[in-house]
1. For the cross-link pairs Lys334/Lys430; Lys257/Lys455; Lys508/Lys595; Lys534/Lys595; Lys295/Lys445; Lys493/Lys549, which exceed 23 Å when the distance is taken from alpha carbon to alpha carbon?
2. Scan the chain and hand back the longest stretch that contains none of the GluC sites (Glu not before Pro) lying in DSSP loops with at most 12 other Cβ atoms within 10 Å.
3. Output the Cα-based Rg and Dmax of the chain in Å, rounding Rg to one decimal and Dmax to a whole number.
4. How do Lys26, Lys429 line up, fewest other C-beta atoms within 10 Å first?
5. Dipole of region 346-490, Cα-centred, from +1 at each Lys and Arg C-beta and -1 at each Asp and Glu C-beta, to the nearest 20 debye?
6. Treat the count of other C-beta atoms within 10 Å as a stand-in for reagent exposure and order Trp310, Trp51 from fewest to most.
7. Given Ala95, Pro296, Cys562, which one lies farthest toward the positive end of the charge dipole of the chain, if we put +1 on the Cβ of every Lys and Arg and -1 on the Cβ of every Asp and Glu?
8. Residue-wise, which Karplus ³J(HN,Hα) couplings in Hz belong to region 447-458, taking 6.51 cos²θ - 1.76 cosθ + 1.60, θ = phi - 60°, and x for glycine or proline?
Amino acid sequence: MRDWGRPRIFATLMSQPTKEIPLMEKIVSLCKRRGFIFQSSEIYGGINGFWDYGPLGAELKRNLRTTWWNAMMREREDVVPLDATIIMHPAIWKASGHVDTFSDPMSDCLLTKKRFRSDHVEPQSGVVYHWSGAKEGDETARKEIQLALDALSPSFSVLLPAGKPPESARKIAIQYYQQRGFKIPELQGETTEKVENSRAFNPENGAQLTEPKPFNLMFHTFVGATATDADKAYLRPETAQAIFAQFKNVVDSCRQKVPFGICQIGKAFRNEVTPRNFTFRSREFEQMELEFFIKPDEAIEAECGSVAQWSESADLSAPQDNWGWDMWHRYWVKERTAYYAGIGLGADVLAYHWQTKEELAHYARACVDILFKFPFGTEELEGIAARGDFDLTAHQNASRKPQDVFDEEVKNAFAKWTDEQRAALIERKKTEHRAKTTGGLSDEKVVEWCERLFKGFYVPHVIEPSAGLDRLALAVLTLAFAEVEKTDAKGNKETLTVMRFHPRIAPKKIAIFPLLKNKPELVAKARDIYESLKRHLAADYDEGGSIGKRYARQDEAGTPFCVTVDFDTLGEKGPELKDTVTLRHRDSGEQERVKISDLLGIILPAVS
Ligand code: GAP
């Protein structure tokens, strides 16, 4: 979950690199070689933070998209989809807080000008050498310059890691002052100080970084021909806001009643300060988001007498009427975990980070980040936040269009309450809001809110599971990657790559080979099988090279099943083998003889 507008403790904790970089290099190279992922605009030198998906990658991503779409919407009755535009009215981003606070802290190296995300700088310890300025040591230059040398000579510091000679720090400082116009800088007023875990210096050369400055991550553009500030619009940095902005239209046009959700998959854009770790932090990426709208806990209390309390043994298998935000939040964590298990990401590769009070956005009640063990560290795959009624209320206030719903059941439930019960609820809410340090309502507003609720009106609260499609694609690519040692017929050892994708997400499900490409009967039969299967499955046909080579090619692509058509298929060894083929399983290498007419029945259940 993006931690903008709040402390960045988590981002720091989670960015500790591990020593598996060579594995990442192998994966990046396979991705290019086999057409999973290419650098965008590579023929022009590439563009940092942008990636294209090649033929296999496009299929892989599509399969991931489909599994999410089916699990989150198609297979449920309480979620409906949305497909909104990337550019929306800029007022949306003002109301959501993105214009003012969607930023990352940024620092520049004073020497190389390299830009860093301040909270991602590796913490360093050592001795800081500080100089109050420099003096020109070259007399001629001194005369020539004849200008305010002081302005060219600000103070400067260098962090010297333990064991390095002080001269190396001075060398950096001299380079710095040379860049500012000094011919022979003489360093002035040297002092030293020990520092621990500082993020104020460039880890590559020790040079001082500028103070962190907020850098808004939204890409902007202009709508219309005049291109003035009034025409400024943004590429969406998340898909969620469109869901909030269209909430009323969806409620009015479909027969869903709270609790229900609206989901969307689509592109999002963030001008990340430091895109990194292959596609992990990109500037253009896809999100898969669900906004699940629920009743406020007070409404549940009125309807059910009390709100279900979560405990370790709570049954989260099916939603219940007496669930408040906490149970719904836990339910979605469980649902999302089950989704990941269904595509091969089990408990052994996932981790959970429950955000602490200090990490939570002021409006959020809880947020859990689902993390994946990437080769470069355990990092966020998805955030699941309980966001209260913050988003819809923000749009209600900014647009002056009511975003509340009328709920007959809630009205009827409160109709049974006594005046004392209502007064007690009002007092309880006042106390809650008075205790809030930010975002609390005045007593007057609390009364207004309660009175509306008693009549059955409320702004729904929201649970938001928000996942990144590209991060998921990267996770399954790194998880699938395996190397196996093979010895060929001549006794030579070679290392082959097998992409062990879960069959549901594998780019190609099956490949069909004729044993020999120069036997027209074999080719015709293999093509027949291919033609009939490709209508149902992503299938491949390959007749080039030995069968071993073709298996190896499909293993690298992650194809779970291969079928070979041989002379037995044609019935040359007798009628009992006629119209049977060899079916080879990618992970076990096992081969079995199956009837062509049974192929679909065997493969389809395994891949869907
Ligand atoms: N609406 C909430 C939201 O956007 P987020 O944590 O900022 O929350 C959700 O983003 C997910 O989007 C992240 O968990 C991650 O998977 C993905 N994501 C965010 N920034 C990304 C980036 N720069 N590159 C790739 N994926 C990103």
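1. On the way: Lys334/Lys430 33 Å; Lys257/Lys455 17 Å; Lys508/Lys595 21 Å; Lys534/Lys595 17 Å; Lys295/Lys445 19 Å; Lys493/Lys549 15 Å.
The pairs that break the limit, which is 23 Å between Cα atoms, are Lys334/Lys430.
2. Working: sites that count: Glu75, Glu77, Glu204, Glu312, Glu358, Glu572, Glu590.
That gives 359-571 as the longest site-free run.
3. Cα-based Rg and Dmax for the chain come out at 30.5, 103 Å.
4. Working: Lys26 15, Lys429 19.
The order, fewest Cβ neighbours first, is Lys26, Lys429.
5. Numbers: 20 positive and 26 negative charges, 94 e Å.
Taking the Cα centre of region 346-490 as origin, the dipole is about 460 debye.
6. Working: Trp310 15, Trp51 22.
Fewest-to-most Cβ neighbours within 10 Å comes out as Trp310, Trp51.
7. Cys562
8. So the J values, rounded to whole Hz, are 4, 4, 4, 5, 4, 5, 4, 4, 8, x, 9, 7.
Read-outs: derived from the displayed coordinates by stated rules, not from any lab. This is a predicted model, so every value here is computed, not measured. Please note: Cβ atoms are built from the backbone with ideal geometry, for glycine as well, and neighbour counts cover all protein chains shown.
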